[in-house]
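Undergrad: Input: one structure, supplied below.
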Amino acid sequence: MPALAEVLTALDALWPPERAEEWDAVGTVCGDPDRPVTRVLFAVDPVLDIADEAVRLDADLLITHHPLYLRGTTTVAASTSKGRVVHTLIKHDIALHVAHTNADRADPGVSDALAGALDLRVTAPLVPDPSDPAGRRGLGRICELDAPLSLAAFGERVAERLPRTAQGVRIAGDPERTIRTVAVCGGSGDGLFDAVRAAGVDAYVTADLRHHPASEARERREPTASGQLALVDAAHWATEWPWTEQAAAQLDEISDRNGWGLRTHISRTVTDPWTAHAPSPAPARTL
Ligand SMILES: [Zn+2]
């Protein structure tokens with residue numbers, strides 16, 4: 001079985017830390033490089049429920065998409081929620097490693113996993129990484145459907161294929177509109193609307209869309225576009241969860257190649273912060 005340091009070298013080759021955004025905090029949060037690794041748990045969020053799951057599993061390494069500490073801290077006291085995570089992990093000899101925007105930009109990356117979960121064929125990155133001559137790395141992905149669907153049917157597909165959350169899926173647009181091309185971005189995709197418009201796609205699947213950017217994107221009609229951009233907004237956690245399956249498969253392959261015998265696990269604990277959804281009564285009442 002490999003030492004943590006060997007596994008981390010392999011992870012850094014998959015998701016080079018220097019490709020993360022400048023503001024990001026990726027890499028190893030805690031862990032002894034000399035400790036052996038057998039069990040690895042993948043999850044989106046390094047929250048206490050996930051740390052407890054890693055303990056129950058007897059994991060040696062927890063790999064999450066979101067950072068534990070995005071900004072600096074002066075305390076890891078167990079009286080703080082994040083400090084409690086650190087204490088839980090260290091007490092049980094569990095390392096924590098983060099692959100965030102470096103995993104977003106990778107090939108394959110977080111949005112490739114989202115496209116795969118939705119049965120979409122990726123044609124290009126939405127915002128290509130200029131340092132990639134192959135043109136495969138970057139933020140978001142532009143995709144095609146194998147066969148056109150109405151927006152209503154496509155929205156149902158997104159709701160069915162992504163893991164279940166309280167939020168479900170919000171849709172903006174004419175339900176009869178035909179969807180042939182889609183841009184996807186796992187996580188908060190508010191910032192990529194210019195690229196989405198430039199791509200001329202029929203729909204945009206992402207998370208955390210706020211009122212004004214969504215409203216402006218819906219109001220705008222490009223002269224060459226086939227119509228208004230349709231929006232499909234899923235829970236942030238749900239759009240990034242497919243990456244955990246993809247990442248675990250990548251590490252399995254490395255483990256097989258090296259004869260490491262790692263056992264990888266994927267957390268199915270829903271860590272989306274929203275826990276319930278109260279639909280407006282039907283028929284819709286006027287205010
Ligand atoms: Zn995220």
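The values are calculated or read from the model by the stated rules, or taken from the named source; none is laboratory data. This one's a predicted model, so the numbers in the text were calculated from it and none came from an experiment. Glycine gets a Cβ as well: all are built from the backbone with ideal geometry, and neighbour counts include every protein chain shown.
Undergrad: Where the second residue is of a type in the set (A, V, I, L, M, F, W, C) and within 16 Å of the ligand (Cβ to nearest atom) and the first is without any contact (Cβ under 8 Å) to a residue 40 or more places away in the chain and part of a helix (DSSP H, G or I) and lies in region 178-191, which pairs have Cβ atoms under 7 Å and are six or more apart or on separate chains?
TA: Pairs that qualify, where the first residue is without any contact (Cβ under 8 Å) to a residue 40 or more places away in the chain and part of a helix (DSSP H, G or I) and the partner is of a type in the set (A, V, I, L, M, F, W, C) and within 16 Å of the ligand (Cβ to nearest atom), are Asp190/Leu209.
Undergrad: So, one more: Check Ile94, Ile63, Ile90 and return the single one that is over 19 Å from Trp23 (Cβ atoms) and within 16 Å of the ligand (Cβ to nearest atom).
TA: Result: Ile63 is the single residue among Ile94, Ile63, Ile90 that is over 19 Å from Trp23 (Cβ atoms) and within 16 Å of the ligand (Cβ to nearest atom).
Undergrad: What is the residue count in region 13-48 for residues that are under 20 Å from Val110 (Cα atoms) and touching a helix residue (DSSP H, G or I) at 6+ places or on another chain (Cβ under 9 Å)?
TA: Residues that pass the stated criteria total 22.
Undergrad: Could you tell me whether any residue of region 149-165 is buried (at least 21 other Cβ atoms within 10 Å of the Cβ) and in contact with a Gly (Cβ under 7 Å, 6 or more places away or on another chain)?
TA: Within region 149-165, one or more residues are buried (at least 21 other Cβ atoms within 10 Å of the Cβ) and in contact with a Gly (Cβ under 7 Å, 6 or more places away or on another chain).
Undergrad: A follow-up question, please. Being of a type in the set (A, V, I, L, M), within 16 Å of the ligand (Cβ to nearest atom), under 23 Å from Ala235 (Cβ atoms) and outside the structural domain of Pro36 (by TED's automatic domain parsing) is true for just one of Leu145, Leu118, Leu114. Which residue is that?
TA: Leu114
Undergrad: Would you please list the contacts, defined by Cβ atoms under 8 Å and residues six or more apart or on different chains, that run from a residue in region 88-112 that is surrounded by fewer than 24 Cβ atoms within 10 Å (Cβ to Cβ) to a residue that is among the aromatic types (Phe, Trp, Tyr)?
TA: Listed pairs, sorted by first residue: Asn102/Trp15.
Undergrad: Same structure, new question: Looking at (1) under 29 Å from Phe42 (Cα atoms); (2) assigned to a loop (DSSP other than H, G, I, E, B); (3) among the small types (Gly, Ala, Ser), find the lone condition where Ala238 falls short.
TA: Every condition holds for Ala238 apart from (2).
Undergrad: Additional query: Suppose we filter Pro273, Pro279 for residues that are loosely packed, with under 10 Cβ neighbours inside 10 Å and assigned to a loop (DSSP other than H, G, I, E, B); which single one remains?
TA: Details: Pro273 fails: loosely packed, with under 10 Cβ neighbours inside 10 Å.
When all the criteria are applied, what remains is Pro279.
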